[in-house]
Amino acid sequence: MKNWELARRDLLKSLGVGAACLPLLRSSKAWAANSVNFFIIHSTAGYWMPLWKPQAGPLAGQTLPSGSSSLEPHKADLAFVLDQTNPNYPVGANWGHECYGTIYWGGPQKSPSGSKYQEPMGKTLDQMVAAGLQPGKRTLNFQAQVDRPPSSGTTGSSRCFWSGGGQPINPELNPAKTYGALFASIAQPTKPGGAPDPAVKKLLGTRKSILDYVGSSLEKFKVKVGRDERAMIEGHLSSIRSLENEIAGIGTGPTGPVNVTNPGMYEDAMILGDPGLFPKIMDAYMDMMIAAASSGISHVSTLQLSNSSGNPMNFGLYVEGIPPRGTGYKSPYYNWHDAGHNPIVGGKNLKTIIDKWMMDKFAGFLGKLKAIQEPGGSMLSNSLVLWGNHMESGDNHHSQKIPWVLAGQAGGKITTGLNVDTGGKSINATMADICKAMGVPAHPHWTGTMGIAKG
């Protein structure tokens, strides 16, 4: 088939489904022109560095410490960029919580009403990349219970992505609702004369996958394209099915399991009210980032995993080895903040257990990207993932030793397989390199280089 995208648009229009139900299909020659993806996943509370930080230099000749050992299979695709300074942050070196809102800005900052929580005066990194990489398309911004109480302070304590000064981006929090908007936007077919088709209405009223509704048409579409494209379609549909299963497992609404054709059945208040849902929400949104990029809905997306403090967490509900009760620091439960200040409890380093659990999730995300084959490589090699943080460690709150991990080569434009010797360079130099690799303009204050961007 010569014109894949025309056929794709016609099929989706006839089915009345969201464009995310089919991946973009492009020839090898055209792929590089519009295939790079940028993902930011933002964490908090830093890491227990003695058991997480790799040795400086190439990663191939070393074994990663226990806290980051989950990333061992992906060492060739990683660039650890640690000990970065944050030169325009005015509050202080040990006030890492309060630099949360400006961590992807790095320029002149303001503090509303005297608050120590700083806010940017322009677009953050995600918005700058999106403006150059996908003009006219919005970024997708998600959260995993960031708005769960207690809050830490003003807006800069819970929003780290901004479309401009005073314009925080409010991330979506309900995966079922997000799924409905991106994937399951079905325009119900009608009978002759315009009356709703009762059979279709009955189908949509049941708890069935959107793929059960469109599956036969998509199967027919697969046979019209080449073998490589067919594999991409199969992989994409498999990821959507996995995503639906994750959403259905998030919990139950008033009348039973979540109905993906009626996402309102699982309301926002319930999402925020159950701390045990955190890993399921995180998994669902990470899969949604992949599916949305694969289908061309958005090549830039972000996921916030915590507010600036991490106080609302309860790791004892889902992380093996974490006790059901914390030390009493800030909350009754063992949260990110408690782990930072009280890492060792009962002779065990609980902070490292949490660090490794988070790296397990990161490794799983990278594995899914790597499994999707595209012209010229994998989806991982055609993407850049930034796993961010806004302090070195939860005990020192260090705002001038910022630890980031990059993954993927952005289509061959990023050097990986090393722990970069940052030499006191700043987050601004890293963001300048990211913009260079993405081929997009950078803010004037993003200067210097970490030496990881090619070309």
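Some notes on this structure:
- Of the residues making up segment 106-122, just one is crowded, with 17+ Cβ neighbours inside 10 Å, in contact with a Lys or Arg (Cβ under 8 Å, 6 or more places away or on another chain) and part of a loop (DSSP other than H, G, I, E, B), namely 118.
- Residue list for segment 156-175, restricted to those being of a type in the set (Lys, Arg) and in a helix (DSSP H, G or I): none
- Of all residues in segment 335-348, those satisfying the criterion of being part of a loop (DSSP other than H, G, I, E, B) and more than 27 Å from the chain's Cα centre (by Cα) are 342, 346, 347.
- Residues of segment 376-405 that are small (Gly, Ala, Ser) and either free of Cβ contacts under 8 Å to residues at least 40 places away in the same chain or assigned to a strand (DSSP E or B) (or both): 377, 378, 383, 388, 393.
- On inspection, residue 410 passes the criterion of being on the phi > 0 side of the Ramachandran plot and of a type in the set (A, V, I, L, M).
- When residues of segment 406-455 are limited to those that are of a type in the set (D, E, K, R) and either assigned to a helix (DSSP H, G or I) or modelled with pLDDT under 95 (or both), the one least open to solvent (accessible area, probe 1.4 Å): 433
- Test: residue in segment 137-155 that is of a type in the set (Gly, Ala, Ser), in a loop (DSSP other than H, G, I, E, B) and either under 13 Å from residue 298 (Cβ atoms) or within 14 Å of the chain's Cα centre (by Cα) (or both): yes
- When each of 305, 369, 350 is tested for being crowded, with 22+ Cβ neighbours inside 10 Å and more than 28 Å from residue 178 (Cβ to Cβ), the lone residue that passes is 350.
- Cβ separations smaller than 6 Å between residues 6+ apart or across chains give the following pairs from segment 349-367 residues that are closer than 18 Å to residue 50 by Cα to residues that are surrounded by fewer than 19 Cβ atoms within 10 Å (Cβ to Cβ): 352/51; 353/321.
- Inside segment 29-83, residues that are modelled with pLDDT under 95, within 22 Å of the chain's Cα centre (by Cα) and open to solvent by 20 Å² or more (accessible area, probe 1.4 Å) make up a count of 2.
- Where a residue in segment 127-153 is of a type in the set (D, E, K, R) and its partner, wherever it lies, is at pLDDT below 95 and open to solvent by less than 10 Å² (accessible area, probe 1.4 Å), with Cβ under 6 Å and at least six apart: 137/298
- Candidate set from segment 50-77 (those that are out of contact with any Pro (no Cβ under 8 Å at 6 or more places or on another chain), without any contact (Cβ under 8 Å) to a residue 40 or more places away in the chain and assigned to a loop (DSSP other than H, G, I, E, B)); member that is farthest from residue 452 (Cα to Cα): 63
- Segment 295-334, residues that are at pLDDT 95 or above, of a type in the set (A, V, I, L, M, F, W, C), in a loop (DSSP other than H, G, I, E, B) and closer than 30 Å to residue 132 by Cβ: 305
The values are calculated or read from the model by the stated rules, or taken from the named source; none is laboratory data. Owing to the predicted nature of the structure, the values given are computational and were not obtained by experimental measurement. All Cβ positions, glycine included, derive from the backbone under ideal geometry; neighbour counts span all protein chains shown. Protein only, heavy atoms only, side chains kept; ligands, DNA and RNA dropped before computing areas. Shrake-Rupley method; radii C 1.70, N 1.55, O 1.52, S 1.80 Å.
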